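Take a look at the structure set out below.
The values are calculated or read from the model by the stated rules, or taken from the named source; none is laboratory data. These numbers were taken from a predicted model, which means no experiment stands behind them. Cβ atoms come from the backbone with ideal geometry, glycine included; neighbour counts cover every protein chain shown. Accessible surface is based on the protein model in full, side chains and every heavy atom, while ligands, DNA and RNA are left aside. Shrake-Rupley method; radii C 1.70, N 1.55, O 1.52, S 1.80 Å.
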Amino acid sequence: MELDESSCIAKIKKLPKTELHAHLNGSISQNTAKKLIDLKKLKSGDNSTFDLNIPKLASNDLPGCFELFSLFHELTDSPEAIYLATCDVIKEFYEDNVLYLELRTTPKASFAGHMTQKSYVEVVVKAIEDTCSTVCQKMTVKLLLSIDRKRSVTDAEETMKIAEEYTTSTTKIVGVDLSGNPVCDARHLFPVLEYVKKAGLNLTVHISEVPNTFEEVEALLKIHPDRLGHGTYLHPSKGGSEKNYDLLKQLKIPLEVCLTSNVISKTVESYESHHFPLFRDIGYPIVLCTDDKGVFDTTLSKEYYLASKYYGLMEDDLFNHSFNSINYIFATEQEKCQLQELWKQQNNKNN
Ligand code: 5GP
């Protein structure tokens, strides 16, 4: 008997999962957005000063998504709000049986909220520690610091220095991400990314999410990031250059793939024409992720369901996909082994 969508998703929910590409502010659910609006009103003491139109939280193209991010940023411009948002996002991933999460966020200085990039990071780390030591004890949560393409070199260097400092003093921050509106030129930031690698930090970069120039793609690949985000236009059948594709196959850098995000933001026409199967068919390392579960109203279980529906992944394939993705996390070999054990235990329990 064929299961309907919600029964399939309920079944997939039981699988232990790793989420490696989740932007904090894009992952805020409607429920949390409401709490953040209330907090904003409470803090301002004036109901009329802030008005976010909740129904606007359904986006339909890439510029629309970036408008939504700005709305969320208005909601998370104080330490209390960032703390609340981080705790809620972690709990929601945990409810979806995500047992390993690498959350990423762009540290923001907010003068209204009296935050510096560093204090922003401190609040997020505290929220991770508090949540994982109380309600989400079975879960491991790590943090990546994002550098927005639009940022100045000075701002990006500040982010990178915080990552460098924290990586030595805590195990919570495990690397740096390059993200932000993909149509913006990021060349001024390449020396910072090169420094990230030289400093021994893990690096993941959003690459070829829109048809960026072959030169930009090649330059990013040559920095040797440890993971890549999206890679929508990397494959030659999607307009990528043969030269970059050859380099990619040689480097085998794991690709973080976000199905719903790509379709809703219209960087990909449909699930059927998504690049997921092209990479899966050549045995390229890929990992399914949500990107922005709040903005795109998705869950990791739903992304797994879509992969089963459109690309024929069966129950065992989904477990293997999740199990294999442990290889691509930013962690020590010992941590990976511990997670693999946990995955096996959970799988035995489910069978
Ligand atoms: P934050 O870093 O503020 O916690 O999360 C939202 C930010 O993540 C956005 O402002 C944007 O810079 C980045 N982001 C979220 N989703 C995407 C995406 O699909 N593509 C790119 N390039 N950046 C994204």
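Of note:
- Some residue of the range 93-110 being at pLDDT below 95 and out of contact with any strand residue (DSSP E or B) (no Cβ under 9 Å at 6 or more places or on another chain): yes
- Top-ranked residue of the range 92-144 - restricted to ones that are among the aromatic types (Phe, Trp, Tyr) and either assigned to a strand (DSSP E or B) or within 16 Å of the ligand (Cβ to nearest atom) (or both), ranked as nearest to LEU42 (Cα to Cα): TYR120
- Filter pass, TYR233 being touching a residue at least 24 places away in the same chain (Cβ under 8 Å) and more than 16 Å from the ligand (Cβ to nearest atom): no
- Residue match in the range 305-322 (condition: of a type outside the set (Gly, Ala, Ser), without any contact (Cβ under 8 Å) to a residue 40 or more places away in the chain and under 26 Å from LYS91 (Cβ atoms)): yes
- Of all residues in the range 325-343, those satisfying the criterion of being open to solvent by less than 70 Å² (accessible area, probe 1.4 Å) and without any contact (Cβ under 8 Å) to a residue 60 or more places away in the chain are LYS336, GLN340.
- Yes/no for THR298 being open to solvent by less than 40 Å² (accessible area, probe 1.4 Å), within 16 Å of the ligand (Cβ to nearest atom) and part of a helix (DSSP H, G or I): no
- Residues that are away from the ligand (no atom under 14 Å from the Cβ) and at positive phi, drawn from the range 245-276: LYS252
- Within the range 1-30, being touching a strand residue (DSSP E or B) at 6+ places or on another chain (Cβ under 6 Å), within 14 Å of the ligand (Cβ to nearest atom) and either aromatic (Phe, Trp, Tyr) or assigned to a loop (DSSP other than H, G, I, E, B) (or both) holds for one residue alone: LEU24.
- Taking the criterion of being surrounded by fewer than 20 Cβ atoms within 10 Å (Cβ to Cβ) and in contact (Cβ under 8 Å) with a residue 60 or more places away in the chain, the residues of the range 11-32 that qualify are LYS11, LYS13, LYS14, SER29, GLN30.
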